[in-house]
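These notes concern the structure reproduced below.
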């Protein structure tokens, strides 16, 4: 199912013309997306602020206290993988520009400011590859020539569309096969101790090679999903092994190579074990000094369980001097008949609201673009993306997840501060930020099957609004 062309046209024009303009004191600009409606980040009617009075016990309210501020916002974005870049290259020039605008233009799109990419191959590549020849411990053959065909051009175009700046970080899925005890990039295995120095140097060579191409690298993660033995590229690090690799090799090598200012993110796996990982690494000051913060994913709920948001809060409270970054999430088990499946989008909304409310500074989706089969993926691990390209027709398919992410990414801008936000009833979830231009942004999500009337209360002002069933709203004021 493709999104209605008239909706998309409206989305790319009138909706965005006023989105970045600060509102007058009592004005609210309201954007809505809802199931079983044509609302897709559509500007809808909003009631203005009036003097606030004591709310009734029966009212549903969202309380905002702008005087209570928390973490500084880094950004929202998605991963520019080999798969995304390969699909992008097969689109017409017009559709390529449409996709770039849809994601990275802050006026006519949803304004992504954050990106992740891979250090050589992941499962979302057409095949496994590295930047060195097999057995080259000294890394004399290191070359990123592979990435110059598809991935680097897309990163450059995305950066240009985003206004010239895109916060980009990189993650490895596996060291080269010869560096591992299973002699295979796939199916887990471990980095052999005699290659710790070479692998740490590999990171620095990657950063320098990309920056030589004019692509600044904000930081790196130590290892994607270090406790998962996957049929694709993967490598196991226990908490102690990651701590020691960071402390004795990766951190010092980055400093020695003049890259000490780059940000290093530990864990980069699910919320379930993140507390054990950070307790081990951050309790060692010689390791902790190299760590900017903790990256995490949402797949602890892959079997139908709930997302462990309280684990994020526990890290935030225990290590307030470190940062939290959501580094990957997607709806897996691709099915083309579920491209407009609304619960996929609601999972994004719920995760983003709760992760931000628990101290997370940035949020990174997985692939920005996949084909109509949920790939390419060289091991058949197909999944959903917010936007798919039907390569048979050349059309782009926007899923509800794209709009849900946009309710955050378009309006909450880098360096915003999260402010205290509480809902009085469980029907609604909400988070709020204040941007550097003074505009305040509140995102409200309704996962119930009925329309909800609520009062937004900000200090001495309040405004009654309604949110459709299975809907999300952004209020800018």
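Sorting 224-233, 398-407 by their mean Cβ neighbour count within 10 Å, with the most densely packed peptide first, gives 398-407, 224-233. With N the number of residues in segment 255-340, Rg(Cα) / (2.2 N^0.38 Å) evaluates to 1.31. Between helix 196-212 and the chain there is an angle of about 60 degrees, using the helix long axis and the longest principal axis of the Cα atoms. When 129, 103 are arranged by Cβ crowding within 10 Å, least crowded first, meaning fewest neighbours, the order is 129, 103. Just for the chain, what percent of DSSP beta bridges are antiparallel, to the closest 5? Bridges in the chain are about 55 percent antiparallel.
Roughly what angle does helix 309-318 make with the longest principal axis of the chain, taking Cα atoms, 0 to 90 degrees, to the nearest 10? Computed tilt is about 70 degrees. Where the alpha-carbon atoms of segment 150-236 are placed on the principal axes, they occupy 43, 25, 20 Å, in descending order.
Relative to the longest principal axis of the Cα atoms of the chain, the long axis of helix 93-104 makes an angle of roughly 70 degrees. Ordered by the number of other Cβ atoms lying within 10 Å of each residue's own Cβ, fewest first, 31, 299 fall into the sequence 299, 31. Ordered by the count of other Cβ atoms within 10 Å of each Cβ, fewest first, 352, 254 give 254, 352. Note that the chain, at 10 °C in a medium of 1.306 mPa s, gets a Stokes-Einstein diffusion coefficient of 70 µm²/s from its Kirkwood radius over C-alpha pairs. Whole-percent P(r), segment 334-424, all Cα pairs, 10 Å bins from 0: 15, 42, 27, 13, 2.
Helix content alone sets the calculated 222 nm mean residue ellipticity of the chain: runs of n ≥ 4 DSSP H residues at -39500 (n - 2.57) each, divided across all residues, give -7500 deg cm²/dmol.
Each value in this text was obtained by applying a stated rule to the coordinates, not by laboratory testing. Since the model is a prediction, treat every value here as computed from it, not as a measurement. FYI the Cβ positions are ideal-geometry reconstructions off the backbone, even for glycines, and counts take in every protein chain you see.
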